[in-house]
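Take a look at the structure below.
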Amino acid sequence: MMFTHEHEQLRRTVERFCREEINPHYEAWEEAGIYPAHDVFRRLGELGLLGLTKPASVGGAELDYSYAVVMAEALGACRGGAVPMSIGVQTDMATPALARFGSAELQQEFLAPAIAGEMVACVGVSEPGAGSDVAAIRTTARKDGDDYVIDGGKLWITNGAQADWMCCLATTSEGAAHRNKSLIVVPMRTRGVTVERTIRKIGMLASDTAQIHFDGVRVPQRYRIGDEGRGFTYQMLQFQEERLWAAANSLQGLDRAIADTIEYTRQRRIFGRSVLDQQVVHYTLAELQTEVEALRALVYRATERYVAGQDVTQLASMAKLKAGRLTREVADKCLQYWGGMGFTWDNPVSQLYRDGRVASIGGGADEVMLSIIAKIAGTLPKGDA
Ligand SMILES: Cc1cc2nc3c(=O)[nH]c(=O)nc-3n(C[C@H](O)[C@H](O)[C@H](O)COP(=O)(O)OP(=O)(O)OC[C@H]3O[C@@H](n4cnc5c(N)ncnc54)[C@H](O)[C@@H]3O)c2cc1C
């Protein structure tokens, strides 16, 4: 992929933001189990970073998706994965469907403030009984006059404890599971919406992950994004950007883990030579660097095709799968070469080890990616999801 001066400028701006405005607070936010998303988003909004690919009519920059990928990659300059993940939810997971299919009125009410950094968004797909099997969701939105009345709940909602609105997938009619759902904007301060709890996790600590309950939540039908019954399809499209974003976002953390490990093992001596001088160590690190470059090439290729208007479902799924697997491998192998230091909390590689584990689970588990890839390859048995 050819990067222009504008891409490089964007990359520098985002990396500086991470170094100067996020990293100094990172430890405190991790300890608190939440970070001030409203404050951080207001700053990102001022810098014009929350609407790179969004329409100008709502304050976006209307750039192509390669800019979103550059930003995702540059956010890897953050010390951990939690804050980038939360920002990615705002820019590339909760808002793409609203930008593509939402009415002008709905976009002014919810997308424009999300781009300005005045509102925090979350995306509500997963539920206690439905994660990988999205079609199995149980949250319903029943029509009553001009409103929908929503009952049910969502689990694992990133930004959920502090979000202003949710892009919520709910069942809106009887009928086939892929054609009876809609995406609806649910303002989180509406009566009947409760944050039941925030979930204690093994990583991504600075990001709040919430369980949300809906009890007779009344929202106007005009809060539906696009057509009724198209929510599942819209969400599948929205997942493309989420997956490409996640793969791009993993790259810098992997580079850094390897670089930090090279630096540490170069000065750490065992049996009369450095740890790095052991052939198994420098060969393993060389192998991992090669893998990261291969992942980067895959991400850029998928991006190029996406920008050209092609369907990249398969390539984005491959990139997400590879990113998840490679993050686990890099974190585990690098951690090993730090010895006991690798097992300490403040070690940069142990941070990747904790935060990176979710890459093989969230946004579609590795096995879900394999099913999609196989389905497009025509090798999935008929009738399998
Ligand atoms: C930190 C974090 C943040 C998240 N943020 C959000 C969010 O903001 N919004 C949201 O909607 N969701 C979010 N999620 C939920 C996430 O998308 C789900 O956890 C994920 O889709 C997996 O669903 P599940 O946890 O229900 O696992 P299950 O669906 O129960 O799957 C369990 C395991 O089964 C295996 N599996 C799945 N499919 C197959 C198959 N076909 N064949 C064989 N094995 C298979 C996989 O290994 C999978 O991990 C988040 C999750 C985490 C952990």
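Every number in this text was worked out from the coordinates using simple rules, so none of it is lab data. In this text, all values refer to a predicted model and were calculated from it rather than measured experimentally. Glycine also receives a Cβ, built like all others from the backbone with ideal geometry; neighbour counts cover every protein chain displayed.
Summary of values
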{"read-out": "Three-way shape call for the range 1-119 based on the alpha-carbon gyration tensor, with the a/c threshold at 1.5", "value": "oblate"}
{"read-out": "With 20 Å bins from 0: P(r) over the chain, alpha-carbon pairs, percent", "value": "28, 58, 13, 1"}
{"read-out": "For the chain, built as a Gaussian network whose Cα springs stay under 10 Å, the top-fluctuating residue of 32, 248, 323", "value": "32"}
{"read-out": "Cross-link partners of residue 375 among lysines (Cα-Cα below 20 Å; sequence separation of 8 or more within a chain)", "value": "320, 322"}
{"read-out": "All-pairs Cα distance distribution in the range 76-138, expressed in whole percent, bin size 10 Å", "value": "20, 38, 34, 8"}
{"read-out": "Ratio Rg/Rh [Cα only; Rh per Kirkwood] for the range 290-385", "value": "1.08"}
{"read-out": "Mean-position separation - Cα centroids, the range 73-102 and the range 310-351, in angstrom", "value": "19 Å"}
{"read-out": "The range 189-263, dipole about Cα centre (Lys/Arg Cβ +1, Asp/Glu Cβ -1), debye to the nearest 20", "value": "520 debye"}
{"read-out": "GNM top mover of 321, 50, 276 - the chain, alpha-carbon springs below 10 Å", "value": "276"}
{"read-out": "Cα-centred dipole magnitude for the chain, charges only on beta-carbon of K, R (+1) and D, E (-1), debye, nearest 20", "value": "580 debye"}
{"read-out": "Rh by Kirkwood over Cα pairs, then Stokes-Einstein D for the range 137-221 at 1.002 mPa s and 20 °C, µm²/s", "value": "161 µm²/s"}
{"read-out": "Among 294, 383, 331 - extreme Cα towards positive end, dipole of the chain, charges at beta-carbon", "value": "383"}
{"read-out": "Rh (Kirkwood; distinct C-alpha pairs) - the range 191-322, Å", "value": "19.1 Å"}
{"read-out": "R0 of 30 Å, Cβ-Cβ distance residue 375-residue 325: FRET efficiency to nearest 0.05", "value": "0.95"}
{"read-out": "For the range 168-235 and the range 13-72, distance of Cα centres in Å", "value": "24 Å"}
{"read-out": "Gain on full stretching of the segment that runs from residue 277 to residue 222 - 0.36 nm per residue minus C-alpha separation", "value": "13.4 nm"}
{"read-out": "Cα lying deepest toward the dipole's positive end in the chain, options 348, 169, 149, charges on Cβ", "value": "348"}
